[in-house]
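Only one structure is covered here, and it is reproduced in the block below.
The values are calculated or read from the model by the stated rules, or taken from the named source; none is laboratory data. All values reported here derive from a predicted model rather than from experimental measurement. Heads up, the Cβs are rebuilt from the backbone with ideal geometry, glycines too, and the neighbour counts pull from every protein chain shown.
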Ligand code: ADP
Ligand code: MG
């Protein structure tokens with residue numbers, strides 16, 4: 001039964017000054033002049049999580065041209081664009097909110113577009129004085145503010161801006177395709193703006209202060225794109241790329257941009273055409289994390305007391321063991337590129353120099369440093385690495401390409417690095433012996449993801465934390481997790497996995513694959529246990545979901 005707008009107004013008027021629970025009566029649907037409003041869920045009291053609404057427009061009636069809807073990414077990009085617009089239209093509203101995107105364009109549930117309709121999913125804190133309903137204010141919010149903001153967004157958006165964004169996205173995908181065809185793991189377009197305003201803001205640094213990106217001639221490649229002039233920029237080839245340069249010359253900033261390049265950015269971000277192999281994983285040291293039966297033997301063996309490293313398990317990893325495990329896990333999660341920064345790596349994991357090799361005999365040193373495995377990773381497993389190195393010159397021996405940052409400008413110094421490596425021969429000895437094998441895909445027991453209290457399940461708390469079984473799972477060091485809505489989606493994935501039939505034959509990777517197939521078919525909405533709509537989910541990559549599972553204190557891997 002779909003009520004009229006008038007009914008809603010009358011109902012809210014009658015409720016004025018009643019107890020808050022009376023708001024439940026407005027659950028249902030209402031036909032407004034331009035849309036249908038669905039009131040899906042009403043909060044139990046003014047302090048509970050907000051109530052949820054959907055505003056649904058007939059797609060035919062909106063000024064959306066057919067050709068804009070034809071791409072595989074149309075729904076995602078238009079949805080993202082309108083979510084941003086709606087957020088702006090709601091800036092002055094204290095009651096209404098929509099889950100707004102950051103600098104990346106991610107599939108999200110805030111705006112849904114199907115063949116028939118477009119739907120905004122909003123939250124509303126229904127007005128109250130103490131625990132009494134403020135009917136008049138509620139009527140203002142739901143029957144005046146809401147239609148005004150939604151109609152403005154749906155009908156009066158800037159069409160040129162939307163077209164520009166669709167074209168930008170089409171170009172991004174064209175570059176990604178060229179990257180695959182040419183064997184590049186990264187592409188940084190000329191004129192890109194890499195630095196951000198601050199450590200806590202992802203907005204671009206104001207142009208006056210920025211050295212914009214310019215590819216070194218040797219590395220410059222041109223990609224033709226469907227819209228506009230061909231795009232020139234620096235191609236990072238498969239293999240081992242080492243980024244050197246003095247402190248504060250912009251090394252980490254370039255790497256950070258590559259980390260984020262697994263996602264497409266919005267126009268105006270400055271990193272629109274900074275694109276990275278979308279399976280790339282940033283790996284760093286993370287002491288204190290849990291590790292569950294990971295084969296870290298390529299990097300670490302012969303631990304004191306004969307502790308096994310082929311199925312290494314610890315509640316409290318060290319810097320080096322955490323970094324080793326994170327690399328193996330990333331490969332298990334099908335990453336084909338690793339990104340490392342010396343700033344956030346364990347020194348003893350990265351290198352052992354000649355003097356240390358002499359003083360501490362290999363028999364007493366469990367670690368085979370990364371420098372001795374970075375090439376085999378590439379040649380034997382097809383996993384490329386881009387790493388920032390300021391101090392360890394021995395890495396020049398193992399690099400296919402050496403890039404140097406000098407006052408924020410990039411130079412290709414591969415040839416000079418070769419000369420230096422020739423003139424000053426390294427005195428260290430290689431420490432890797434066996435050939436590398438792909439890590440085996442681990443299987444997990446379903447109890448790993450189940451909660452003692454099934455009604456509760458896993459729940460996100462901000463960007464970096466998921467509460468599961470009363471324990472905080474920290475994702476602070478999962479650096480490519482960029483949006484709180486992704487964290488919520490990861491929590492929802494954990495709950496979805498927990499509710500599945502036990503299937504002992506599937507590995508964690510396979511479980512994730514089939515979960516994503518379902519998401520592909522049913523959309524992210526299907527993840528939510530919430531009735532009505534989950535307006536606040538954004539799609540995480542498989543790699544981040546895997547990273548979260550790997551860090552669960554309750555993860556139990558079956559041998
Ligand atoms: P490094 O890792 O080489 O020590 P960072 O990447 O941390 O250096 O950069 C140091 C500072 O320089 C940061 O504050 C960063 O925002 C700024 N920066 C980086 N790249 C640029 C650039 N292209 N133009 C202007 N400032 C930049
Ligand atoms: Mg740095």
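Numerical summary
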read-out: Members of the stretch 339-361 that are away from ligand 2 (no atom under 16 Å from the Cβ) and closer than 25 Å to residue 279 by Cα; value: 349
read-out: Qualifying residue in the stretch 189-198 (condition: within 16 Å of ligand 2 (Cβ to nearest atom), over 16 Å from residue 276 (Cβ atoms), modelled with pLDDT of 95 or more and out of contact with any strand residue (DSSP E or B) (no Cβ under 7 Å at 6 or more places or on another chain)); value: yes
read-out: Filter pass, residue 298 being closer than 23 Å to residue 478 by Cα and more than 16 Å from ligand 1 (Cβ to nearest atom); value: yes
read-out: Hits in the stretch 113-166 (condition: in a helix (DSSP H, G or I) and more than 19 Å from residue 55 (Cα to Cα)); value: 135, 136, 137, 159, 160, 161, 162, 163, 164, 165, 166
read-out: Selection from the stretch 399-427 of residues that are under 19 Å from residue 373 (Cβ atoms) and either within 16 Å of ligand 1 (Cβ to nearest atom) or modelled with pLDDT of 95 or more (or both); value: 399, 400, 401, 402
read-out: Unmet requirement for residue 305, which otherwise passes all of (1) farther than 20 Å from residue 508 by Cβ; (2) part of a helix (DSSP H, G or I); (3) touching a strand residue (DSSP E or B) at 6+ places or on another chain (Cβ under 7 Å); (4) away from ligand 2 (no atom under 16 Å from the Cβ); value: (3)
read-out: Complete set of residues in the stretch 257-288 that are within 18 Å of residue 327 (Cβ to Cβ) and part of a strand (DSSP E or B); value: 276, 281, 282
read-out: Where residue 244 falls short, out of the listed (1) surrounded by 21 or more Cβ atoms within 10 Å (Cβ to Cβ); (2) in contact with a helix residue (DSSP H, G or I) (Cβ under 8 Å, 6 or more places away or on another chain); (3) under 13 Å from residue 186 (Cα atoms); value: (3)
read-out: Qualifying residue in the stretch 46-54 (condition: part of a loop (DSSP other than H, G, I, E, B) and buried (at least 21 other Cβ atoms within 10 Å of the Cβ)); value: no
read-out: Residue, nearest to ligand 2 (Cβ to nearest atom), within the stretch 421-453, restricted to residues that are over 22 Å from residue 301 (Cα atoms), loosely packed, with under 13 Cβ neighbours inside 10 Å and free of Cβ contacts under 8 Å to residues at least 60 places away in the same chain; value: 424
read-out: Number of positions in the stretch 179-197 that are more than 19 Å from residue 266 (Cβ to Cβ) and assigned to a strand (DSSP E or B); value: 3
read-out: Filter result for residue 317 (surrounded by 17 or more Cβ atoms within 10 Å (Cβ to Cβ) and either part of a helix (DSSP H, G or I) or without any contact (Cβ under 8 Å) to a residue 12 or more places away in the chain (or both)); value: no
read-out: Members of the stretch 445-462 found to be part of a loop (DSSP other than H, G, I, E, B) and closer than 21 Å to residue 512 by Cα, listed by number; value: 445, 449, 450, 451, 454, 457, 458
read-out: Residue within the stretch 232-247 that is more than 16 Å from ligand 1 (Cβ to nearest atom) and assigned to a loop (DSSP other than H, G, I, E, B) present; value: yes
read-out: Among (1) farther than 17 Å from residue 482 by Cβ; (2) at pLDDT 95 or above; (3) in a loop (DSSP other than H, G, I, E, B), the one test that residue 254 misses; value: (3)
read-out: Single residue of 283, 262 found to be within 18 Å of the chain's Cα centre (by Cα), within 16 Å of ligand 2 (Cβ to nearest atom), under 28 Å from residue 551 (Cβ atoms) and buried (at least 23 other Cβ atoms within 10 Å of the Cβ); value: 283
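A quick yes/no check of all residues on (1) modelled with pLDDT of 95 or more; (2) surrounded by fewer than 15 Cβ atoms within 10 Å (Cβ to Cβ):
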position	(1), (2)
5	no, no
27	yes, yes
62	yes, no
76	yes, no
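Here is a yes/no grid of residues against (1) touching a residue at least 40 places away in the same chain (Cβ under 8 Å); (2) surrounded by 18 or more Cβ atoms within 10 Å (Cβ to Cβ); (3) over 24 Å from residue 284 (Cβ atoms); (4) away from ligand 2 (no atom under 16 Å from the Cβ):
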residue: 369; (1), (2), (3), (4): yes, yes, no, yes
residue: 378; (1), (2), (3), (4): yes, yes, no, yes
residue: 382; (1), (2), (3), (4): yes, no, no, yes
residue: 385; (1), (2), (3), (4): yes, yes, no, yes
residue: 388; (1), (2), (3), (4): yes, yes, no, no
residue: 394; (1), (2), (3), (4): yes, yes, no, yes
residue: 401; (1), (2), (3), (4): yes, yes, no, yes
residue: 405; (1), (2), (3), (4): yes, yes, no, no
